[in-house]
Amino acid sequence: MKYLSIIFILAFGPGLFAQAPDWSVNPNEFEYSMSFSGVVSVDTVESANANSKIAAWVNGELRGTADPVYVAATGRYYYLLLVYANTVGETIKFTFYNAETDKVINILKEETFVSDKNLGSFSDPYIFRNWENYQFNAFSFEGLDVEVEIDPDAKQITALLPQNTDPAGLVAVFRFDDAIFVKVNDVEQESGVTPNDFSTPVEYVVNTSTKTYTWTINVTVEKSGEGEEEETITGIKDGDSSHQLVVYPNPVHNTLNIDSNSKILEYEIRNSCGILSFQGKSPESIDVSDLPPGMYFIKIKTDSKDTVIMKWLKI
């Protein structure tokens, strides 16, 4: 019997197949079950192959397997995986047979077996992936219409809040797939629940299964002071048709151009934290190629005694 068990593990253990595996489990041998409703992402690309398979393992023993189910309403292939056990608290590992490459690959994330627990749904599926997510999938603030830019390279999020918004005590609504915990000043964060003071940059420390990432959240409140007018993101000035001022292109790679029917006296460019990047006089074009990607504001003073603030995006 022990000899047969060893043969079973060697033949059906993770990562050993070079062709479609014949995975099968007898549910009658187990007392408990746990379910997953998920999709598979291989090297950041979601699998759409009807012949692939997912498998769950505990200590090298096969505990569950599923073929994909296509749902026309969403246009996605879902894996409705049941995992079986006789003991709660066991560590579940996953492998995926990729029919496109005819190979079995390891799924990065592991789970702890909890009886009768379900992870994922058609609207918010569990993600079986062979790569580690290192960025926020979504970030906003409860009850606010916010412009947010997520920069995964700089690990920075910039948010522009509506006028008269108090940044103190804001509640962030976020998602970071694969995060074990997210903390601010050693306080664990719960999306849509935990408030923080965003008057100054806030650091979010995110721990995944293998690494710890630090993200900086920079918040700016849109302002309109005396002599200032708010601009649309296109940079075209609303209101007084006798004075036209346009900043383009938006977004911009290298050169920011300014067209105005009034003489420009001076300008200054600040980042989303309000830090001055540079300033000058009477520009027709500005070289912004050295600026890092992100949201910026340009403040322009003209000889018509107007002060205009425009927001633009560097990419």
One residue is enough: does the stretch 17-33 have a residue meeting the conditions hydrophobic (A, V, I, L, M, F, W, C), loosely packed, with under 13 Cβ neighbours inside 10 Å and modelled with pLDDT under 95? yes
For the stretch 160-181, state whether one or more residues are touching a Lys or Arg at 6+ places or on another chain (Cβ under 8 Å) and surrounded by fewer than 16 Cβ atoms within 10 Å (Cβ to Cβ). yes
What number of residues in the stretch 102-159 are closer than 24 Å to VAL71 by Cβ, of a type in the set (Gly, Ala, Ser) and surrounded by fewer than 16 Cβ atoms within 10 Å (Cβ to Cβ)? 3
Would you mind finding the one in THR216, THR220 that is at pLDDT 85 or above, closer than 30 Å to ILE107 by Cα, among the β-branched types (Val, Ile, Thr) and surrounded by 12 or more Cβ atoms within 10 Å (Cβ to Cβ)? THR216
Residues that are out of contact with any Leu (no Cβ under 9 Å at 6 or more places or on another chain) and not hydrophobic (A, V, I, L, M, F, W, C): list the strands (runs of 3 or more DSSP E) wholly contained in the stretch 81-174 that include at least 3 such residues. 91-98
Which pairs do you get when a residue that is hydroxyl-bearing (Ser, Thr, Tyr), found in the stretch 20-35, comes within reach of a residue that is assigned to a loop (DSSP other than H, G, I, E, B), reach meaning Cβ atoms under 7 angstrom, with the pair 6+ apart or on two chains? TYR32/ASN86; TYR32/VAL88; TYR32/SER115
Filter the stretch 64-80 down to residues that are outside any strand (DSSP E or B) and of a type in the set (S, T, N, Q), then give me how many there are. 1
Here is a list of conditions, (1) assigned to a strand (DSSP E or B); (2) modelled with pLDDT under 95; (3) not small (Gly, Ala, Ser), and TRP57 meets all of them except one; can you say which number that is? (2)
Among the residues listed as THR44, THR101, the single one being of a type outside the set (D, E, K, R) and within 25 Å of the chain's Cα centre (by Cα): THR44
Do you know which of the residues in the stretch 129-153 that are in contact with a Ser or Thr (Cβ under 8 Å, 6 or more places away or on another chain) and of a type in the set (A, V, I, L, M, F, W, C) is nearest to PHE297 (Cα to Cα)? VAL148
Residue satisfying condition, being closer than 22 Å to GLU132 by Cα and without any contact (Cβ under 8 Å) to a residue 40 or more places away in the chain, within set VAL69, VAL39, VAL45: VAL45
Residue pairs within 8 Å by beta carbon, gap of at least six or interchain, first lying in the stretch 157-181 and within 21 Å of GLY38 (Cβ to Cβ), second among the aromatic types (Phe, Trp, Tyr) and in a loop (DSSP other than H, G, I, E, B), listed first then second, are PHE174/PHE136; ARG175/PHE136; PHE176/PHE136
Just name the residue that is nearest to the chain's Cα centre (by Cα) out of those in the stretch 104-125 that are closer than 24 Å to PHE176 by Cβ and of a type in the set (Asp, Glu). ASP124
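The values are calculated or read from the model by the stated rules, or taken from the named source; none is laboratory data. As the structure is a prediction and not an experimental result, all values here were calculated from the model. Heads up, the Cβs are rebuilt from the backbone with ideal geometry, glycines too, and the neighbour counts pull from every protein chain shown.
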